[in-house]
Amino acid sequence: MNTNPLLKTKDELDEMARQIRRDIINMLLISKSGHSGGPLGMSDFFTALYFNDMNLDPNNPYFENRDYFFLSIGHIAPVWYATLSRRGYYPVDEMKTLRKVNGRLQGHPAPLKTHGLPGVEIASGSLGQGLSIAVGTALGLKLDKKSNHVFCICGDGELQEGQIWEAVMTAAHHQTDNLTLIIDKNDCQIDNRVQKVLNLDPMADKFKAFNFKVYEIDGHDMDIILKTLKEARGHKGQPTVIIAKTLMGKGVSFMEDNYKWHGVPPNEEQGAQALEELKPTKYGDFV
Amino acid sequence: MKYNIENPELKETRQGFADALVELGKENPNIVVLGGDVTGSVKTNFFRDAYPDRFFSVGIAEQDMMGVAAGLALVGKIPFASTYGEFATGRPFDQIRQSIAYSEMNVKICASHCGISVGPDGATHQSLEDVGIMRILPHMTVVTPCDYDQTYKAVKKCVEYKQPFYIRFYRDKTPNFTGMDAKFEFGKADTLIDGTDVTLIANGLLVWEAIIAAENLKKDGISARVVNMHTIKPIDVDTIVKCAKDTELVITCEDHQKQCGLYGAVAEVLSLHYPTQMDYVAVEDTFGESGTMQQLMSKYKIDHVEIERKVKARLKK
């Protein structure tokens, strides 16, 4: 049975997002490997989805009426893992095992069948594949006349993968209005600014031309995120896309909006400074 | 097995796929089919016309097709993704690897127009690497049926297993000889003709060629065993080892590159369990070209003539 919304007010949700950011830093300090910038940038969105908007039940993660969630950019797994843990899918102590051998918190999300992290539906990591899976899921749910909603998070750089646009065509052609694509538009990818590597703007116009309903929002404003998620869920006749303008590394001053933080963890000194900036919360750290 | 070697019944293996699919659609409401534009060629149009609600057109976009199939499998559907062999394996390899094989999604990839038999279309459309590409993936079952009857049975039976499958078949009419009443089990090779001097382990199109070769070799006093190794993965180790022990010479026959296909699979088994003299009839690390199926099988040395030549060379007769 659905257990959301668990947190309702902006203040509650913002505090949880801050704890998730602290968890990300702590996980990366232990693993000494992994991505910092993207996870911090999407902490607000994950909090909104998992603590308020999505139909979910951590005690019964695969119940029939759940909303489906796909993380196409598997490399921002630390934010997903921290969110799942804080939401009660698995013990917070296990966050220490990020990227460790025999662990469930693989460097990129691993299949449920072999690694068994509750909440994960399918593997991701090789970019460009999540949206197609989300479209297939949405088509199957529509065939069965079910009302579950499907969410997929892609990165803006990831849209350079041709498969994304194949999936965009398929989603629009079949009018999968039970599908919402969320784009983490931070204009950063591992080499440089997205605009420098291979420009994707005007992004909203592209999706409009492909017959998506487009929302462009501030990806850090909790009230706007929640309002937009509700609108997207209710939109009929077309798939929806929320282009969320975010800052890579959001919440840690020296990481913010700097593409060099795409794929590296903080060292001890940087980690300590990050944790000083991200004030402790009532939830407490796992370390 | 009953066959007329001079004048065999000819049927399309792809029609076996199409007929099985329509039957499955009738029996199981969870069967869904993805169309990659070439529905008339791969014959998914029969399913589409019978069950339009369960047919999803994804256009000429094979990478997306594999992902959409994985998503459908996630919600309990049994998706069949079908296109030409090269475009069902080579183009969407990474999608199959991550979203289907690694994730163990219950997706059935059924490829038509495989091997050199697609003839006049030329090298771009002749998938001679697909078995190798699929065989290397963990969790993938790889099947090359030899005729219409066996293709029908393989397609019908694969839905009994909740795991990924790759089934490979052809465009042109080929001899149909195994019979609908013959037993068929994945991973269990069929010994079609018994023999003592050499074992011909064949699959797909080359099974019929091996039968002709065995009949011709008989006239020269050579007793050739013919084994139909329809499942390349998981491979039937017991049968291979038994044949090696019985005949001390094993020759594989396939319409695929000599690397990574049936020859490789059988060699892997024998090198480990019972090192035995081996040879192969397969495409010699080269691309094909346009021509009729018969012309190309002859030119690329994947026919009964080549099988007979290799057997005789090995037996020094």
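The values are calculated or read from the model by the stated rules, or taken from the named source; none is laboratory data. Being a predicted model, the structure only gives us computed values, none of them experimental. Using ideal geometry, Cβ is built from the backbone for each residue, glycine included, and neighbour counts are taken over all protein chains shown. Calculation scope for accessible area: heavy atoms of the full protein, side chains included, ligands and nucleic acids excluded. Shrake-Rupley method; radii C 1.70, N 1.55, O 1.52, S 1.80 Å.
Here are the numbers:
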quantity: Delta accessible area of at least 20 Å² on complex formation, residues of segment B:71-86, 1.4 Å probe, chain isolated as reference; calculated: B:GLY71, B:LEU72, B:LEU74, B:VAL75, B:LYS77
quantity: Accessible-area ranking of B:PHE186, A:PHE46, largest first, probe 1.4 Å; calculated: B:PHE186, A:PHE46
quantity: Among B:TYR51, B:TYR263, B:TYR170: highest mean-square fluctuation, GNM of chain B, C-alpha pairs under 10 Å; calculated: B:TYR51
quantity: Carbon/sulfur fraction of accessible area - segment B:190-316, other protein chains in place, 1.4 Å, %; calculated: 52 percent
quantity: Average accessible surface area per residue within segment B:154-198, 1.4 Å rolling probe, Å²; calculated: 44 Å²
quantity: For chain B, size of Cβ-based charge dipole, Lys and Arg +1, Asp and Glu -1, in debye; calculated: 340 debye
quantity: Extension gain (nm, one decimal) between B:GLU23 and B:ASN45, 0.36 nm per residue minus Cα-Cα; calculated: 6.6 nm
quantity: Shape category assigned to segment A:189-287 from the gyration tensor of Cα positions, a/c cut at 1.5; calculated: oblate
quantity: Mean separation of Cα contacts under 8 Å (6+ apart) over length of chain B, as relative contact order %; calculated: 18 percent
quantity: Portion, in percent, of the accessible area of segment A:47-133 that falls on carbon or sulfur, probe 1.4 Å; calculated: 47 percent
quantity: Nearby aspartates and glutamates by direct alpha-carbon distance to B:LYS219 (threshold 19 angstrom, same-chain neighbours under 8 apart not counted); calculated: B:GLU6, B:ASP194, B:ASP197, B:GLU209, B:ASP303, B:GLU306, B:GLU308
quantity: Where B meets A: accessible area buried, both sides, 1.4 Å probe, Å²; calculated: 2300 Å²
quantity: Over chain A: Kirkwood hydrodynamic radius from C-alpha pairwise inverse distances, Å; calculated: 18.7 Å
quantity: Most mobile listed residue (A:MET95, A:MET222, A:MET203) in chain A, GNM with C-alpha springs under 10 Å; calculated: A:MET203
quantity: Average accessible area per residue (Å²) across segment A:1-76 - probe 1.4 Å, nucleic acids and ligands excluded; calculated: 30 Å²
quantity: The protein assembly as shown - share of DSSP beta bridges that are antiparallel (%, nearest 5); calculated: 15 percent
quantity: Prolate/oblate/rounded call for segment B:172-317, Cα gyration tensor, a/c under 1.5 rounded; calculated: rounded
quantity: Separation of the B:GLU215 and A:LYS8 label points, Cα + 7 Å toward Cβ, nm; calculated: 8.2 nm
quantity: GluC sites (Glu not before Pro) restricted to DSSP loop in segment B:98-181 with at most 10 other C-beta within 10 Å; calculated: B:GLU160
quantity: Computed lengthening from A:LYS230 to A:TYR283, 0.36 nm per intervening residue step minus Cα-Cα distance; calculated: 16.4 nm
quantity: Positive dipole terminus of segment A:1-55, leading residue within A:ALA17, A:PHE46, A:LEU29 (C-beta point charges); calculated: A:LEU29
quantity: Segment B:1-104 - accessible surface per residue (Å², probe 1.4 Å); calculated: 37 Å²
quantity: Most fluctuating residue given options A:PRO239, A:PRO91, A:PRO118, as computed from a GNM of chain A linking Cα atoms under 10 Å; calculated: A:PRO91
quantity: Among B:MET297, B:ASN30, A:HIS149 the positive-end extreme of the charge dipole of the protein assembly as shown (Cβ point charges); calculated: B:ASN30
quantity: Dimensionless Rg ratio for segment B:1-118, taking C-alpha atoms and the 2.2 N^0.38 Å reference; calculated: 1.11
